[in-house]
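Below is a structure I'd like to ask you about.
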Amino acid sequence: MTSMEILLKRHLQGELDEIAMIAGLVSKIRPKKSSEAAHAEHMLGALCHILGRHPELRAALRGAMLKLLGTHKPVSLYVESGILPSTGFFTELYRRVSHKILPDAIDPNYLKDVFALIFTHQGDEVWVNAVPDARWLELLAALRFDEQPAEAGLPSPVRGILDAVLVLSYRISSIGLEPELIRNEPSLEEFASPFLTQNDEVGEYLEQFSQAWADASRQFQDERHILVLLDQCAQIIQKIRRTASRSGTSISLTFLLQRLKQQLERMEHLLAILAALREEKSGERALPLFVVLFKTLVSGECHKNDVRQHWRESLELLALRVTENASRTGEHYITSTRTEYFSLLKSAMGAGLIIAFMAMFKLLLAKQHLPPLTEALLFSLNYGLGFMLIHILHFTVATKQPAMTASAIAASIDEHGGNSQDMERLTSIIAQTFRSQLAAILGNVLVVIPMAMLIAWGVMKATGVHFIPPEKAHQLMDDIDPIHSLAVFYAAIAGVCLFLSGLIAGHHDNLAMYKRIPQRLKQLHWLQRLLGKARLSRVADYVENNLGALAGNFYFGCMLGGMTAIGVLFGLPVDIRHITFSSAYLGFSLIGLDFAMPSQELLLGALGIGLIGLTNLVVSFTLALSVAMKARKAAFTQWRTLLRSLGRRFRQKPGEFFLPPISQKSDETDHH
């Protein structure tokens, strides 16, 4: 006698209740490793064999399952498991974190809690979903629900589904009146809103369903009209999302739309089950739908306290809006003509000019040996205000590009699906991006080094003293030495800061649209009196188009300025290395040493600057591309094909990666 037979017989003899028996069966079916679904398949097959040989055990298990579905209040399981709660993003995040530490009290009167007693491992979701639907259907077929005596009235399990549909209908109606939704779709306030109409239809449908179950001859209106209304609700969700992509979004709106979408899908699934049961009361046609629902409910319960999944799923849609703003900005950083290329080169040279002075102020502040917090604050203001000035003057910092251009490339992959026929187009965009990055780096470095030398020489001529003494010059050169220092690691930290600044920029662009900041600025009467209506309008328009870039630049400066202080505060090897500032320090050091720099030190400094720049770009670009791709759910599996295409293009037209052709074909410039 197998262990599963023993469990079934103990239940038949009254030694185990239905919950303990089914939990015991699941523990026997559960593989040691959740990925080993073959074991679960084998055990389910063995259980089917037992049920086929022993009618009394089959009847016991069938009765236990029907009792679970009928007497343990199933509504909360159907309407909540796998669906975002109404509490909002941060409240739910707090709940999940707290329940990780101190789990919920179990109430066996609710089927939702019974699931937690049966599927006790978080990995249960893996093997339950990995087992083919056919195997679960085989188990349900082996239970022979047709042997169950027919009930005169509506069976309790069916009544539970009807109640769940009604609850979902009420919840969908209430969400349809949320101010967040009405703000983006004012027509929802009208009486004809499908969110409200579907509730009336559902009430009539459920009443007729109960009557038709008892008397098959009664007239019955099917669920098709309800499904049409639910489809209209889904179309409104899509319309609101399109509106939000133009006018901005928020975490609460994203959370609300996702929850509403999940409720609509669950309601459609439950209605499909009811339709199948109405056509055939034995439930055979509904079994495949029950299997899909079962897998969904198990997944929902296994992940109900999963903080990582909640964070990822809730922020994916918001990240899409943020990266869309970044991708639109990124298009301006990709040059396709020589005019755009040399314009970018000139703007990068202008940035190099300002960064030389920013590096000078940073060294002057460092000479004061101020308290760490004060020093970090002044460093942050120096960097942050300097980067903002660079943006206001329409100059370009090379390392600011990757976070933006990565989003533009992700948008291109998402738009074209990454198909092979679009590979040439994608190759062109990457080639254009590469030469644009190179132009910006050259523009920054070719100006910042001689400008730093000129500043140091001017100070020496004016004061008779070197701007930085020789020992400080050697220290600066040691800081960018890629072999004997952590320069490359610190450059990677700077790359992370660059990536974060790109997200911050996208967030503030979204914020400006969603909060309607420009329109609110125009309504400030005191500001209108101060600036005048026309000038205030120009200021508001500037804020609308540049708030994200200004915020991203300022916060990037704060991250660069505060990183050293964080390292000092926590005793960690944390600092930053940025290609343009490292280049400026090379220029200052050359004058500080009167050009008497050992050739090895000079070569290591040049190598360090190259590696720092490469690390800045690669880290920020990789992180930004990864987030942009995940946010868009854009799968691109043809990386090898893309690399081959890039290699072929480089062999055939190497100059395209360094300088735009004199005449550019329109099909390669249309990506804007």
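Find the eigenvalues of the gyration tensor of the Cα atoms of segment 121-242, then list the square roots of 5 times those eigenvalues as equivalent ellipsoid semi-axes, largest first, in whole angstrom.
Three semi-axes, in Å: 34, 24, 12.
Given 4 °C and 1.567 mPa s, how large is the Stokes-Einstein diffusion coefficient of segment 422-483 in µm²/s, with Rh as the Kirkwood radius over Cα pairs?
For the chosen part, D equals 87 µm²/s.
Right, next: Viscosity 0.890 mPa s, temperature 25 °C: give me the Stokes-Einstein translational D for segment 4-104 in µm²/s, with Rh taken as the Kirkwood radius over C-alpha pairs.
Diffusion coefficient, whole number: 151 µm²/s.
Along the charge dipole of the chain, pointing to its positive end and built from +1/-1 on Cβ of Lys, Arg, Asp and Glu, which listed residue (609, 35, 464) has its Cα farthest out?
Of the listed residues, the answer is 464.
Show me, bin by bin at 10 Å from 0, the whole-percent P(r) of segment 41-93 based on Cα pairs.
20, 27, 25, 17, 10, 1
Moving on to the next point. Å³ per residue of the Cα convex hull, for segment 45-132?
It comes to 129 Å³ per residue, whole-number rounded.
Of 68, 211, 127, whose Cα points farthest to the positive end of the dipole of the chain (charges on the beta-carbon: +1 Lys, Arg; -1 Asp, Glu; origin at the Cα centre)?
127
Can you pull the Kirkwood radius for segment 490-540, inverse mean 1/r over Cα pairs, to one decimal in Å?
Kirkwood radius, segment 490-540: 13.0 Å.
Moving on to the next point. For segment 133-197, state which trypsin sites (Lys or Arg not before Pro) are in a DSSP loop and have at most 10 other beta carbons lying within 10 Å of their beta carbon.
Passing both the DSSP loop test and the Cβ count: no residue.
To test your reading of the geometry: what angle, between 0 and 90 degrees and rounded to tens, separates the Cα axis of helix 18-29 from the longest principal axis of the chain?
60
Moving on to the next point. Among the GluC sites (Glu not before Pro) in segment 262-298, which ones are in a DSSP loop with at most 12 other Cβ atoms within 10 Å of the Cβ? Mind listing them?
Within segment 262-298, the qualifying GluC sites (Glu not before Pro) (loop, at most 12 other Cβ atoms within 10 Å) are 280.
Still on this structure: Along the three principal axes, how long is the chain when you take its alpha carbons, biggest first, rounded to the nearest angstrom?
Result, largest extent first: 105, 64, 57 Å.
Residue farthest toward the positive end of the dipole of segment 523-658, with Cβ of Lys/Arg at +1 and Asp/Glu at -1: which of 586, 598, 646?
Working it through, the farthest residue towards the positive pole turns out to be 646.
With a sphere of radius 10 Å drawn around the Cβ of residue 147, what net charge do the other residues whose Cβ falls strictly inside it have (Lys, Arg +1; Asp, Glu -1)?
Charge balance near residue 147 sits at +2.
Applying a 10 Å radius around every beta-carbon, put 515-522, 294-301 in order of their mean neighbour count, most first.
Most protected by this proxy first, the peptides run 294-301, 515-522.
Using only the Cα atoms of segment 545-633, each taken as one equal point scatterer with no solvent, compute I(q) by the Debye sum, divide by I(0), and report log10 of the ratio at q = 0.12, 0.13, 0.20, 0.21 Å⁻¹.
Scattering profile of segment 545-633, log10 relative to I(0): -0.57, -0.66, -1.13, -1.16.
Which value at 222 nm does the chain reach when only helices count, each DSSP H run of 4 or more adding -39,500 (n - 2.57), with the total divided by all residues and rounded to the nearest 500 deg cm²/dmol?
Here the helix-only value at 222 nm equals -25000 deg cm²/dmol.
Right, here's the next one. Once you have a ≥ b ≥ c as the square roots of the Cα gyration tensor eigenvalues for segment 225-315, tell me rounded if a/c is under 1.5, and otherwise prolate or oblate according to whether a/b is larger than b/c.
It comes out oblate by the Cα gyration axes.
Further question on the same structure: D for segment 504-658, whole µm²/s, Stokes-Einstein with Kirkwood Rh over alpha-carbon pairs at 37 °C and 0.692 mPa s: what number?
This corresponds to a translational diffusion coefficient of 159 µm²/s.
Please give me the summed charge of the neighbours of residue 66: other residues whose Cβ is under 11 Å from its Cβ, Lys and Arg +1, Asp and Glu -1.
Spelling it out: positives minus negatives among the neighbours equals 0.
Note down the magnitude of the dipole of segment 472-535 about its Cα centre, charges +1 on Lys and Arg C-beta and -1 on Asp and Glu C-beta and zero elsewhere, to the nearest 20 debye.
Charge dipole, segment 472-535, about its Cα centre: 1020 debye, nearest 20.
While we're on this one: Taking the Cα centre of the chain as origin and charging only Cβ (+1 Lys, Arg; -1 Asp, Glu), how large is the dipole, in debye to the nearest 20?
1800
Provide the net charge surrounding residue 485, with neighbours chosen by a C-beta distance below 14 Å and charges set as Lys +1, Arg +1, Asp -1, Glu -1.
Its environment carries a net charge of -4.
By per-residue mean of other Cβ atoms within 10 Å, what is the highest-first order of 62-68, 642-648?
Ranked by mean Cβ neighbours within 10 Å, highest first: 62-68, 642-648.
Along its three principal axes, how long is segment 447-556 when you only count alpha carbons? Whole Å, largest extent first please.
Principal-axis extents of the Cα atoms in segment 447-556, largest first: 57, 38, 21 Å.
Each value in this text was obtained by applying a stated rule to the coordinates, not by laboratory testing. In this text the structure is predicted, and so the values were computed from the model without any measurement. Positions of Cβ are backbone-derived with ideal geometry, glycine not excepted, and every protein chain shown enters the neighbour counts.
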